[in-house]
1. In the calculated pair distance distribution of the chain, what percentage of Cα-Cα distances lie above 30 Å?
2. Net charge near ILE36, counting Lys/Arg +1 and Asp/Glu -1 over other residues with Cβ under 15 Å of its Cβ?
3. Positive end of the dipole of the chain, charges at C-beta (+1 Lys, Arg; -1 Asp, Glu), about the Cα centre: which of GLY80, TRP127, LEU15 has its Cα farthest in that direction?
4. With each run of n ≥ 4 DSSP H residues scored as -39500 (n - 2.57), what mean residue ellipticity at 222 nm is computed for the chain after dividing by its residue count and rounding to the nearest 500 deg cm²/dmol?
5. Would you mind working out the magnitude of the charge dipole of the range 84-134 relative to its Cα centre, with +1 at each Lys and Arg C-beta and -1 at each Asp and Glu C-beta, to the nearest 20 Debye?
6. Taking the mean number of other Cβ atoms within 10 Å as a proxy for protection, how do you rank 27-39, 75-87, 104-116, 141-153 from highest to lowest?
7. Using label points projected 7 Å from each Cα along Cα→Cβ, tell me how many nm separate LEU156 and GLU96, to one decimal.
Amino acid sequence: MGGLFSRLAASQHLLLALLSAWLILTSPWVHMFRGIPRNAGFFDYSHVVLGLVVLVLAVTYTISCLQFGRWRLYFPWLAGQFGATMRDLRALWRREIPSAEGGGLFGALKGLLLVTLLLAAFTGLAWLLLAGSPEAVRWRGYHIVAAQVMSVVFVLHLLAASLHLLEFVRQ
């Protein structure tokens, strides 16, 4: 059963990465304010449809990541475990690549990415559900901020993964 969850999570991870990258990179061509405009184009509709797909994937991926007590790997501070993160920060200070295991800095970074991804997805859903109302504009603003923060964390996650691939190749 654990193998099935691992394969499912790996597929979800790849799909979320690709779809999130698409949504981020094409967002400058999305022209929605209070809702989907009458003259909406490909990028507007693809953003809405793929955003809803990302919402479902983000929720299911988060659930699969947090099962079997693994939530401690992504949110070590919730369990009062700061040692591994502090160790990894000291390693960075010494220009060393921190460990990818053990609920340290990179695990906490992945947890932060999960949270910001969920925030971007749910604020986008709220914006869509409130389309046409004055509240839609407010939720659009929340969605943009959440997506921008998620984008920064996404780039940091890519950088961390690249560092670990580099370390793997060096060994």
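Every number in this text was worked out from the coordinates using simple rules, so none of it is lab data. Given the structure is predicted, the values throughout are model-derived calculations rather than measurements. All Cβ positions, even for glycine, are placed from backbone atoms using ideal geometry, and neighbour counts span all protein chains on display.
1. Distances greater than 30 Å cover 26 percent of the Cα pairs.
2. On the way: positive: ARG34, ARG38, ARG140; negative: ASP44.
Once all neighbours under 15 Å are counted, the net charge is +2.
3. Result: GLY80, furthest along the dipole toward the positive end.
4. On the way: 6 runs with 127 residues, N = 171.
Mean residue ellipticity at 222 nm (helix-derived): -26000 deg cm²/dmol.
5. Result for the range 84-134 is approximately 200 debye, rounded to the nearest 20.
6. On the way: 27-39: 12.7, 75-87: 14.8, 104-116: 21.2, 141-153: 17.2.
My ranking of the peptides, most packed first, is 104-116, 141-153, 75-87, 27-39.
7. For LEU156 paired with GLU96, the spin-label model returns 2.1 nm.
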